[in-house]
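Single-structure report; data block below.
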Amino acid sequence: MLSNFIKISHLSKDEISSLIADAQDFKRSLKSSDVSGKTACLMFFENSTRTKISFEIAAKNLGMRVINFDNATSSINKGESLKETVENLYFIGIDVVIIRTSDDDLIEELRRQVAYPIKFINAGSGKTSHPSQALLDYFTMKERLIDLNDKKITIVGDIEHSRVAKSNIALLKNFGANIVVCAPEFFKPQSELEGATFEADLKLAIADADVVMGLRIQRERILQAYSEQEYIDNYRLSSQLLNEYAPNAILMHPGPVNRDIEITSELLDSRKGKIILEQARNGVFTRMAILNQLLGEIEL
Ligand code: CP
């Protein structure tokens, strides 16, 4: 049984596979909820559309109640710590807090500090962790490729500031994928990413790839100078590039897309671009699986 859902590296290969199997069953309406009547609290301290709303729909599909925590009107503004807030939420009747934060370590620190058995889900933290995104991305890849062993997965863009890239690498390396990351110098990862190789040249990076994943330029996290024009000139994904170098590749992107910067409109609006919307849809089934395993009395 999952104890919390904070980092991909906390999950075993079997746990990941079990979550994917449940997500598949939820998508095919072959599985029912074990967590009806439980209560989730969404605590989003950063903006979100896909993750927040799909967690809410997922919880409601499972018959759960959902409370949206409003930081601006909460007693955090009277000086209450987040630890005390979460402990009080547990006694008020919250079973799980689903947190998005700009702080890489906050959720893990809270889990250590909070004295009561409330569950934690990481809905995206800092520039290091977005485990539910990695899981839904893996689910979407598996639907099309079945097995990722020896498949070439190229992740392109703002690798340094991307929690999506880091969590995807942490997950995909367990399943035998050949992971390539590609970025301009200003978005190159500052430290080595175990399980991935770096290639600065976009054409070489995507050559014969099975998956090409674009990333959002994380403007809110970038402290150093960078050139959007240089990015567009050398790293923007287009139909012409994919047709020439990776004709069979699946195009993915976690969203939101900076249209015509990371991906051209013509590619985004083409048939290949539609998988990005399927990723968003798969987010619901993946998050149903996470909530159901975390809060249900299920042995893996
Ligand atoms: N992919 C993703 O995390 O999107 P949101 O920021 O809209 O949740």
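The values are calculated or read from the model by the stated rules, or taken from the named source; none is laboratory data. Fair warning: this is a prediction, and the values are worked out from it, not measured in the lab. All Cβ positions, even for glycine, are placed from backbone atoms using ideal geometry, and neighbour counts span all protein chains on display. Note: accessible area is taken over every heavy atom of the protein model, side chains too, but ligands, DNA and RNA are not part of it. Shrake-Rupley method; radii C 1.70, N 1.55, O 1.52, S 1.80 Å.
The figures follow:
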read-out	value
Per-selection Rg to Rh, region 151-237 - Cα, Kirkwood hydrodynamic radius	0.94
Region 7-80: translational diffusion in µm²/s, Stokes-Einstein, Kirkwood Rh over Cα pairs, 10 °C, 1.306 mPa s	109
Solvent-accessible surface (1.4 angstrom probe) belonging to GLU244, in square angstrom, nearest 10	120
Listed residues LEU294, PHE120, ILE92: farthest to the positive end of the dipole of the chain (Cβ charges)	ILE92
Using a Förster distance of 30 Å, the FRET efficiency for GLU244-LYS13 (Cβ separation, nearest 0.05)	0.25
Cα-based helix-to-principal-axis angle, 82-92 vs the chain, degrees rounded to 10	50
Under the Debye formula (equal points on every Cα, no solvent term), log10 I(q)/I(0) of region 131-280 at q = 0.17, 0.21 Å⁻¹	-0.90, -1.50
Average accessible surface area per residue within the chain, 1.4 Å rolling probe, Å²	44
Radius 12 Å from Cβ of ARG112, net charge of other residues (Lys, Arg +1; Asp, Glu -1)	-1
Quotient of Cα Rg and 2.2 N^0.38 Å for the chain, N being how many residues it contains	1.00
Spatially proximal lysines relative to LYS38 (Cα-Cα < 25 Å; intrachain offsets below 8 disregarded)	LYS7, LYS27, LYS52, LYS60, LYS83, LYS119
Region 225-300 - convex hull of the alpha-carbon atoms, volume per residue in Å³	145
Inter-label distance for ASN68 and SER32, nm, one decimal - labels placed 7 Å from Cα along Cα-to-Cβ	3.1
Rounded percent of accessible protein surface that carbon and sulfur make up, the chain, 1.4 Å probe	45
Spin-label pair TYR116/LYS60, simplified geometry with 7 Å Cα→Cβ offset, distance in nm	2.7
